[in-house]
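Worksheet: the structure to be examined is printed underneath.
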Amino acid sequence: MNLHKNGLQKRIFWRKVLRQARRANSKELRKALWDVRKELTNNQSAEEGANWKLYLREQAISNELKRRELLEWALKTGAEPSTKND
């Protein structure tokens with residue numbers, strides 16, 4: 001039963017994160033991607049299972065950026081690019 005509940009939690013969380021990613025603009029997505037990646041590197045010592053929400057969030061943001069064909073741009077520019085490039 002717990003496994004089923006955990007799977008349901010993941011699906012609900014995934015839908016919520018996808019909806020947020022689709023509504024965000026490109027700059028917000030870029031910043032969110034780098035924030036999640038920074039948090040994942042800070043939490044690497046924690047249990048793998050404890051970071052499942054961060055992994056799902058990173059995947060949803062990356063998928064949305066890829067769909068918009070902006071993933072390379074987000075990875076190259078970083079979290080806080082200069083205003084010259086924007």
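The values are calculated or read from the model by the stated rules, or taken from the named source; none is laboratory data. The model shown is predicted, which means the values in this text are computed figures rather than measured ones. Here the Cβ positions follow ideal geometry from the backbone for every residue, glycine too, while neighbour counts run over all protein chains shown.
What number of residues in the stretch 70-86 are at pLDDT 80 or above and basic (Lys, Arg)?
Residues that pass the stated criteria total 1.
With respect to residue 30, is the statement that it is touching a Gly at 6+ places or on another chain (Cβ under 9 Å), surrounded by 12 or more Cβ atoms within 10 Å (Cβ to Cβ) and in a helix (DSSP H, G or I) true? Please lay out each step first, then the result.
Numbers: touching a Gly at 6+ places or on another chain (Cβ under 9 Å): yes; surrounded by 12 or more Cβ atoms within 10 Å (Cβ to Cβ): yes; in a helix (DSSP H, G or I): yes.
Against the criterion (touching a Gly at 6+ places or on another chain (Cβ under 9 Å), surrounded by 12 or more Cβ atoms within 10 Å (Cβ to Cβ) and in a helix (DSSP H, G or I)), residue 30 qualifies.
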